[in-house]
Each structure stands twice: as C-alpha cells, then as structure tokens.
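K.L.:
One structure follows; several queries about it will come next.
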Amino acid sequence: VLDFLVDLDPAGGRQAALEEGVRRAIVAGRLTAGTRLPSTRALAKELHCARATVVAAYEQLVAEGFLTAERGAGTRVAAVQPLVTPPATDLRPPSTFAADFRPGEPDNSSFPRAQWLASTRRALARAPDDLFGYGDPRGTHELRVALASYLGRARAVAADPSRIVVFGGFAHALSVLADALRHLGLGEVAVEDPALPFHPSFLRRAGLSVATVPVDDQGLRVVDLRSTAARAVLTTPAHQYPLGIALAPARRTALVEWARQSDGWVIEDDYDGEFRYDRQPVGAVQSLDPERVIYGGTASKSLGAGLHIAWLVVPDVLLEPLVETARWRVGVSAVEQATLADFIASGRLDRHVRQMRLAYRRRRDTLAATLQRAAPWMTFCGISAGLHGTVPLVETGREREILTNAARRSIGMHPLSAHYSDGRAEGLVLGYSRPSGHAFSGALGRLDRFLSDVSVQSS
Ligand SMILES: Cc1ncc(COP(=O)(O)O)c(C=O)c1O
C-alpha cells in the first residue's frame, strides 16, 4: 500500500506531499475504491513523520472526497471520486515550423493590440453594471447590434440583432446547432466532400448521421443533395474549404431552392468571407432566404482564433430551440463581447480587415509566383480569396512524400486527402497567413528551395 509514496517530494511540506501522493495514486488507479489505508499511527512511523501530519492529510483528502473515514472501518478510498482529469501526457504541444504554411490561423503578430486595448478601455468605462451579470443568452445587445450592421455592410447578410447568437467559435456554434437540430427531429445532415474534418465529426457527435456530397469546379453539387435523406447541409459557399472555389451563382439559388423544397436548412460557414482580392466579395447566400439559411461567421480569421468569438444568424423558427440548447453555454466573456462591439462600432474592424486584405493579397501573389517558378508542374488552385490555396497532386503517394520531406526541413502544410471522406484525392493545402509580416519572405525562401529540390526529383 505504501509503494506509491516512495518518490514523495517533500519540497512543499510533508503533508502536501502525502496528500498529492495519495491523490495521484487514486487518479491513476493504483489505489482503488474501498482500499483501506494504513492507520495514521502506522503510516507516520513508516514515513518518519509526526502522526498529526498524516491525520491532517487524511482529513484534507476526506474533505476533498478522495477518502472516506468511518468509525470502526478506518480510512478508505471513496467509491465515487471527485472529477479529476489525469495529466494529459499524450497532449503534445502544437508543432512549430520555421516556415509555417499550414492553413487555419491569420497572422497573429498583426493582432491590433493597441486598438483592441483602446476598445476594452472604452467598453469598460461605458458598461452598465449589468454587463457583469449572466446577461442575455444570445450575447450582449451591443455586440449583436454592431454585428448586424457589420454583417449587412461587409457580407450582405440580412441580420436583425434579435436573431444573432454569439458563441465561443464556429466549432462551438456548430456543436450547439447540431444538438438543437437533432432535438428538432433531424436525422441526417449533409456536408461537402472534401470538408474541414471537424465539420462532419461535430455533427456525428451530436448523434446526427452525415451524408457527403461532392464538390466540383462550381462548388457543392447541389443536385446530389436530392439523393440524400438530409434536411440540412453545411457548406462554405464564399470560399469552399479546402478547395477554395466559390459556389457558382446558379448553384446558390438552387441551394436555397433545395432547402425550401425539403423543408430544411442551409448552414452557411462564412469563415473567411471578408477576404476577397480580385473583386468585391460576393455576399452571403443567407440574403437569398434568411428563413432557410443559418449564417455562421467568426472572428478567428479577421482577428484571431484566441478570441473565441463567432456568431450565428438564425431563421426565426430556430431561434428559440437554439437559444434553449445554448443556454449557459454562451462561452464568450461579456467583456470581450463589449470590446468587440466597440471595435466594430468605431470602424476599427473595417480598417483592420482592409489592411490585412492588402497584406494577404500580396502574400498570395508572391506565393503563387514562387510556386510557378520553383515548381511549374504544381498548380495553385482556388479563387483569389481567403488565407489558403491548394495544389492537387495526381501521382499516388506524392502527398505523403512531399509532406514528410517538407516537415524534415521544418516546413508545415496540410494534406488535402485528409479532407476527403475516403482520402481519394491527394494534394497540398497551403496557407499564407501564419508567418508574421517580417518572417514571410524568409518562409517563402525556404519553401522555394525545398520545392526546387522536389521538382528536380520528379523530373
Ligand atoms: C472552414 C472553416 N470553418 C470554420 C472554422 C473555425 O472557426 P472557429 O475558429 O470560429 O471555430 C475554420 C477555421 O479554421 C475553417 O477553416
């Protein structure tokens, strides 16, 4: 019984060390429910410490719920343990690359710290005391008003503040929405194939079944929705993820038509809709029918994923079921919401997006030019938009080979095949937003040298 105490580190004191040793042994399953612990007298003798130390440690562990102490039965490991997560030894820190072309995050070094701070100050100075209460489960009124105006202006979304619900990221929004849809009786939801892997997985976790619908050069094959049992489809019309295609105009109307006919919904994931470089962004599909399209947006690309702020604009009939499901799961501090409200209302978000648009556009052009020069056999695909593009690879096995060799040279990128339900097409998904402004050309140089070698190998 005492084996687990052998490597006690008494640096923080004998009592704390003893408590920690017992806690760890219980959490790791080395001391199981019902096991009787040695008497305080015996343990004190064994550990060469005062009996009072052991008594105090046992009492603390009883108070925490790890142990029970009953007269006559001694001190035992409790049957029901407090909820303690064992140390996550398998959670490795995220990989870092000298040249990080993995998609998914904007240039975090460009986060507008000073302006954000100014907005926080202003928001806090102005905030009513109610801001620090539980508040509206949809999110603060000010943020929903600011978002309604921003989304109307930037994305042509028909947004009434009362229909906006704020979440801690689109991923969070999707999991709550999936729960709500299942409670409304939906059994199947369609997703694009390829898609971001978390899309289908969140839907499945909510107990929905998932149908996959292929994407061609005009975007989602809307016609194929009819051969599924789905009553909702999750799609990325402005900039298909990961292929980077915009949904063709005829398909946008067909999509909404499909939702009407099947008494269902389109879930529009507009994750990077602000970033279009060759023309004015095409507005959200939601504006075609706000009663049939659930619009989702996020601050993760325009500002930073660490803010954990996203929003849904929902049809009237879904508002109550969604808010009911989301209740107590708002997931965004009211202070951050108030800050974002001020950040939008003061025009700072528009300014920041404009600035970043210029920077990303330049990066996209130089990346495309580098690929063209260093590896002319590669085609950089996707419309001039967003923060990533793709390079299809026809030859089987090439994707893994390139990714492995790139990683050896500390270059990060994502495999395209991981986005397909059956891994059928190989390719690279290349983001150009992660490196900081001053590191981008160095990263590009590294990629250039690497691709030149790959080209030599392949010719
Ligand atoms: C297609 C797509 N949708 C949604 C998201 C995630 O948004 P959020 O960070 O708000 O969960 C991402 C982020 O990588 C994305 O690429």
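The values are calculated or read from the model by the stated rules, or taken from the named source; none is laboratory data. Here the structure is a predicted model, which is why all the values come from computation and not from measurement. Because the Cβ atoms are built from the backbone with ideal geometry, glycine has one as well, and the counts that use them run over all protein chains shown. Just the protein is used for accessible areas: all its heavy atoms, side chains included, with ligands, DNA and RNA removed. Shrake-Rupley method; radii C 1.70, N 1.55, O 1.52, S 1.80 Å.
K.L.:
With a probe of 1.4 Å, find how much accessible area segment 234-308 has per residue, and write the answer as a whole number in Å².
P.N.:
In whole numbers, segment 234-308 has 30 Å² accessible per residue.
K.L.:
Just for the chain, what percent of DSSP beta bridges are antiparallel, to the closest 5?
P.N.:
55
K.L.:
Please find the FRET efficiency linking Gln218 to Glu105, where r is the Cβ-Cβ separation and R0 is fixed at 35 Å, and quote it to the nearest 0.05.
P.N.:
For R0 = 35 Å, the calculated efficiency reads 0.75.
K.L.:
Using a Förster radius of 25 Å, what is the FRET efficiency between Glu320 and Asp263 based on their Cβ-Cβ separation? Nearest 0.05, please.
P.N.:
Plugging the Cβ-Cβ distance into 1/(1 + (r/R0)^6) gives 0.90.
K.L.:
Percent of accessible area on segment 121-273 owned by carbon and sulfur, 1.4 Å probe?
P.N.:
53
K.L.:
Also, I was wondering about something else. With r as the distance between the Cβ atoms of Ala250 and Gln372 and R0 = 30 Å, compute the FRET efficiency 1/(1 + (r/R0)^6) and round to 0.05.
P.N.:
Efficiency for this residue pair is about 0.45.
K.L.:
Here's something else I'd like to know. Output the 0 to 90 degree angle, nearest 10, between the alpha-carbon long axis of helix 249-261 and the longest principal axis computed from the alpha carbons of the chain.
P.N.:
60
K.L.:
I need the peptides 401-407, 128-134, 151-157 ranked by packing, meaning the mean over residues of other C-beta atoms within 10 angstrom, with the highest value on top.
P.N.:
Order by mean packing, descending: 151-157, 401-407, 128-134.
K.L.:
Search the structure for amide H atoms under 5 Å from the amide H of Ala246, placed 1.01 Å from N in the peptide plane, and list their residues when 5 or more places away or on another chain.
P.N.:
Sorted by chain and number, the residues that satisfy this are Gln240, Ile383.
K.L.:
Give the peptides 349-358, 211-220, 191-200 in descending order of average Cβ contacts within 10 Å, highest first.
P.N.:
191-200, 211-220, 349-358
K.L.:
Quick one: work out Rg over Rh on the C-alpha atoms of the chain, Rh as Kirkwood radius.
P.N.:
When Rh is taken as the Kirkwood radius, the ratio is 1.07.
K.L.:
For the peptides 253-259, 283-289, what is the packing order when you average, over each peptide's residues, the other Cβ atoms within 10 Å and list the highest mean first?
P.N.:
283-289, 253-259
K.L.:
Report the per residue volume, in Å³, of the convex hull enclosing the C-alpha atoms of segment 27-84.
P.N.:
Given the Cα convex hull of segment 27-84, per-residue volume reads 86 Å³.
K.L.:
Still on this structure, I have one more. Would you kindly compute the Cα radius of gyration of segment 259-354 and its largest Cα-Cα separation (Dmax), both in Å?
P.N.:
So, for segment 259-354, Rg and Dmax equal 15.0, 42 Å respectively.
K.L.:
Sequence gap at least 6, Cα distance under 8 Å: using those rules, report the relative contact order of the chain to the nearest whole percent.
P.N.:
Relative contact order for the chain comes out at 19 percent.
K.L.:
Compute the angle between helix 141-155 and the longest alpha-carbon principal axis of the chain, please, reported from 0 to 90 degrees and rounded to the nearest 10.
P.N.:
30
K.L.:
Sticking with this structure for a sec: Just to confirm the number: angle between the C-alpha axis of helix 348-374 and the first principal axis of the chain, 0 to 90 degrees, nearest 10?
P.N.:
Helix 348-374 sits roughly 70 degrees off the main axis of the chain.
K.L.:
Rounded to the nearest 500 deg cm²/dmol, what is the calculated helix-only ellipticity per residue at 222 nm for the chain, with -39500 (n - 2.57) per DSSP H run of length n ≥ 4?
P.N.:
It lands at -12500 deg cm²/dmol.
K.L.:
For segment 323-442, give the percent of accessible area contributed by carbon and sulfur heavy atoms, probe 1.4 Å, rounded to a whole number.
P.N.:
It is 52 percent, rounded to a whole number.
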